[in-house]
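> I'd like to ask some things about the structure below.
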Amino acid sequence: MQTTIEPRHRLEAPARADRVRLCQERDLYLRLLGLGAEQEIEPLLEQVLALSVELTGARQGYLELWGAEREESQPAFWIGHDCSGDDVDAIRSAISRGIIAEALATGETVATTCAMHDPRFRRRDSVQLQRIQAVLCAPIGGDPSLGVVYLRGCDGAGPFPPEARERVELFARHVAPLVDLLLLRRRRRAGVDPTQGVREQLRLAGIVGRSPALASALQQAALVAPLDVHVLLTGESGTGKSQLARVIHENGPRAGQPFVEVNCAALPERLLENELFGCEPGAHSTAQRAVSGKLAAAEHGTLLLDEVAELSITAQAKVLQLLQSRIYYPLGGFEPVRADVRVIAATNVDLEEAVRERRFREDLFYRLQVLPIRLPALAERREDVAELARHLCGGASERHGLPRLEISPNTLRAIEMAEWPGNVRQLGHALEAAVIRACGEAARRLERHHVFPDTERSMEHSNQYLTFQEATRCFQRELLLRTLDQTGWNVAETARRLDLARSHVYNLIRAFGFQRANGTASPEA
């Protein structure tokens, strides 16, 4: 049996490729760190577009930014790569609005070898008139997209390679939180409060925020609150549906009467019906006497059916009868009971899909769907995060009898840029735990490690999936710490190797809470 020995240069080629890839990844993160220092939106967008062109080798670049709401007829910002105002207008007239519209609508990158021959775009006049061939159009952010980076190669140059698409997609996702944050700062400086009008109409105790997305939900609540009609509240878990239901009740004709909440997901089917409708003696094995249900407790007031999609089909039929005729039957009862209640239903489930899957009655869906109000996710109202964080932090201190703590600026920025899939509920729990940790350390203010204790761990030792922000932070932390160790904590040399200003290195050392063995960092060799 012969043994084949590969030439050494063949064995080393994959290792060299890995080193090149790692260096490119490091350089990208370093450039992102530099972008994070920008305080204004215009220079940030210019650098984003220039780097996108550099990463992909595009011949022409254009970027437009709408913001999450996209309520205006044209983007808030648009720039072309390395060109004057007239040149930008020429580029705008030459791009395909259809390609950009698709990227914005789907939140996915549009890539085509030749737009003139692509069935999706070849019928568009702009594509044929400008003879548009290779295009890469990447959305900035996810759903909703904040804007797009639109890149074109020269005629006859062929398609963008797969690695170009990967780079621009990665970069566009990375810069989205920075873009979003600077947009929020600009709106704050403008002093615009879209909720002011509705706050003058309604009593909104505990409702924190001034974002357009929140204002839209509150305006709909203002419309339905004075009407004695049933309401359906939808939105992700943790967005505040129960709180808005109480606002509707307290600003409606039944204010001052009972407000009763039933969590339809918290009890088994038989117990739920017992809890909701009450029961007669002997209705089931434990029914020794007549029991009044939550419907009776809510008489003349409002009944909130939270997680209404979790009702069994049998219970759904009884709720439908209640909405249609305002009567119900207690378990084991044969005499109808008339109910004078307003019903508000809430769910984080797509009820239309549940109807298609026959998990939810179609007639009940249409009965509830008359006046739906959707609560925005926290990702749609990022301008509210800072105010919410301060409010929740103060509330946690008060509940536990702890000293009130300020949130450090760096921590507040991290909170604003973090993902909160559990929305306000998750943010509240994180800050409550942070307040307890901080007070346990006798800290004077909330720092990052109080709010994000797990992100200080190395990615290698993490047994969880990390969010993008957490992964980026871990990469930055490891790179900086490794370079500091290699240079013997010589900040000047560290800054040179990482191509950063010394002041920025000091800021990062403080942000990550690094300390040398002797507690100091050397500015020079």
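> Quantify how much of the Cα-Cα distance distribution of segment 380-451 extends past 20 Å, in percent.
On the way: 485 of 2556 pairs.
Summing the P(r) tail past 20 Å for segment 380-451 gives 19 percent.
> What is the Cα coordinate range of segment 307-427 on the first, second and third principal axes, sorted by size from largest, in whole angstrom?
Projected onto the principal axes, the Cα atoms of segment 307-427 cover 62, 35, 21 Å.
> Would you mind telling me the antiparallel percentage of the DSSP bridges in segment 203-376, rounded to 5?
Here the share of antiparallel DSSP bridges comes out near 15 percent.
> According to the square roots a ≥ b ≥ c of the eigenvalues of the Cα gyration tensor, what is the shape class of segment 304-348, taking rounded for a/c under 1.5, prolate for a/b larger than b/c otherwise, and oblate for the remainder?
Oblate, since a/c reaches 1.5 and b/c is not below a/b.
> Mind listing the long-range amide H neighbours of GLU261? Cut-off is under 5 Å, sequence gap 5 or more, other chains count too, H placed in the peptide plane at 1.01 Å from N.
Placed amide hydrogens put LEU304 under 5 Å from GLU261.
> Now for a separate question. Could you check how many percent of all C-alpha pairs in segment 203-376 are farther apart than 24 Å?
35 percent
> Follow-up. Label points 7 Å out from Cα along the Cβ direction at SER292 and ARG356: separation in nm?
The modelled label-to-label distance comes out at 4.4 nm.
Each value in this text was obtained by applying a stated rule to the coordinates, not by laboratory testing. Everything numeric in this text was worked out from a predicted model, so none of it was measured. Neighbour counts are summed over all protein chains in view; Cβ atoms, including those assigned to glycine, are modelled from backbone coordinates with ideal geometry.
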